[in-house]
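Step one of this worksheet: look at the structure below.
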Amino acid sequence: MGKPKIPGIFKGLGITLGILGKTIKDGANTVQYPHEKETPPTRARGVIALHEGNCTACMLCVRSCPDWCIYIEGHKQLAPPRRAGGNPRKVNHLDRFDIDYALCMYCGICVEVCPFDALFWSPEYEYSEPKIADLLHDKSKLGEWMETVPEAPELEAGAQKK
């Protein structure tokens, strides 16, 4: 038969009591929210922000969203030709871009799949509403979150942009 496990239990209990004693001596690390607020980490996932000028209403974010919480409507517009003598182009124009944060699970797939850099993570986390219907944010509200999006970090040595 093997050795009894009792010494291991006492060793673990000793470590726990040591940490508890240190916490009591030094004070708790609790932040008294909402009176005191911590700054979120640089790459924190808060709310999704929309850069409306970059969105082409391609619907990739809608199709890849597992919760189906993104709603986009758009129409085609004629744009000037790229070269002189060319035909006018048909370009998607964004009419509606809504995200229902009551459904969103903040997985970030929409941000990752967007090929035009129209969606970004903002570290803003205080956007609760008294009514659940108010958690449906339209493109103007999503555009306001762009002000809180941090600058992209510098690339590491030897890294290439997409």
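Selection within the range 116-162: residues that are aliphatic (A, V, I, L, M), without any contact (Cβ under 8 Å) to a residue 40 or more places away in the chain and part of a loop (DSSP other than H, G, I, E, B). The member of this set that is nearest to C104 (Cα to Cα) is A152. Answer yes or no as to whether E156 is more than 22 Å from C61 (Cβ to Cβ), among the acidic types (D, E) and loosely packed, with under 11 Cβ neighbours inside 10 Å. Criteria met by E156.
Tallying residues that are small (G, A, S) and in a loop (DSSP other than H, G, I, E, B) within the range 10-57 yields 5. Annotation note: of I99, I132, the sole residue that is in contact with a His (Cβ under 6 Å, 6 or more places away or on another chain) and hydrophobic (A, V, I, L, M, F, W, C) is I99. C110 meets the conditions (1) crowded, with 16+ Cβ neighbours inside 10 Å; (2) assigned to a loop (DSSP other than H, G, I, E, B) in every case but one. The failed one is (2). Considering only the range 124-147, how many residues are under 17 Å from N54 (Cα atoms) and out of contact with any helix residue (DSSP H, G or I) (no Cβ under 7 Å at 6 or more places or on another chain)? Counting residues in the range 124-147 that are under 17 Å from N54 (Cα atoms) and out of contact with any helix residue (DSSP H, G or I) (no Cβ under 7 Å at 6 or more places or on another chain) gives 8. Checking the structure you have, find out if any residue of the range 67-84 is surrounded by fewer than 10 Cβ atoms within 10 Å (Cβ to Cβ), among the hydrophobic types (A, V, I, L, M, F, W, C) and not in a helix (DSSP H, G or I). Yes, the conditions are met somewhere in the range 67-84.
Pairs meeting the criteria (first residue in the range 14-38 and on the phi > 0 side of the Ramachandran plot, second residue surrounded by 10 or more Cβ atoms within 10 Å (Cβ to Cβ) and aromatic (F, W, Y), beta carbons under 8 Å, at least 6 apart or on different chains) are lacking.
Which of the residues belonging to the range 120-153 are within 24 Å of D95 (Cα to Cα), of a type in the set (A, V, I, L, M, F, W, C) and surrounded by fewer than 16 Cβ atoms within 10 Å (Cβ to Cβ)? If the condition is that a residue be within 24 Å of D95 (Cα to Cα), of a type in the set (A, V, I, L, M, F, W, C) and surrounded by fewer than 16 Cβ atoms within 10 Å (Cβ to Cβ), then I132, A133, M146 are the ones that fit.
Looking across the range 94-124, the residues that are farther than 14 Å from D138 by Cα, touching a Gly at 6+ places or on another chain (Cβ under 6 Å) and either of a type outside the set (D, E, K, R) or at pLDDT 95 or above (or both) come down to S122, P123. If the condition is being farther than 18 Å from M59 by Cβ and in contact (Cβ under 8 Å) with a residue 60 or more places away in the chain, then the range 97-115 contributes only Y106.
The values are calculated or read from the model by the stated rules, or taken from the named source; none is laboratory data. The structure displayed is predicted, hence computed values, not measured ones. Glycine also receives a Cβ, built like all others from the backbone with ideal geometry; neighbour counts cover every protein chain displayed.
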